[in-house]
Amino acid sequence: MDQNNEPPQITFEGEESQHSARSFNSENPKIVQWVIKYSGGYIKDEKQASYVLIGFIAVAIIISLFLIFGGGTGIEEKNIFNPETAEPDINDMRSR
């Protein structure tokens, strides 16, 4: 009887080769690995990749805030009245 009270391990054919093929070479997050891989050699370690990701997030937030709050309504208001005479300006009405 087994002294450690552990269940017996069952191995199947080819299972050992599958485990050895997996590479768990680093504990870096996948996105950090992706940035390092596709940077073209400009980013060499995890610290630099983290700075690039933080910068990207900051730029994305700034652009989002600008579009939400500073983008305007998109409606152009045009006064067709001449403010001096308070009558319609004929030239503005013809351009419509």
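Which ones in the range 29-54 are within 16 Å of the chain's Cα centre (by Cα), part of a loop (DSSP other than H, G, I, E, B) and surrounded by 10 or more Cβ atoms within 10 Å (Cβ to Cβ)?
Scanning the range 29-54 gives P29, S39.
Go through I68, I57, I75, I10 for me and flag whichever is surrounded by fewer than 10 Cβ atoms within 10 Å (Cβ to Cβ) and modelled with pLDDT of 85 or more.
Details: I57 fails: surrounded by fewer than 10 Cβ atoms within 10 Å (Cβ to Cβ); I75 fails: modelled with pLDDT of 85 or more; I10 fails: modelled with pLDDT of 85 or more.
Criteria check complete, one pass: I68.
The values are calculated or read from the model by the stated rules, or taken from the named source; none is laboratory data. Owing to the predicted nature of the structure, the values given are computational and were not obtained by experimental measurement. Glycine gets a Cβ as well: all are built from the backbone with ideal geometry, and neighbour counts include every protein chain shown.
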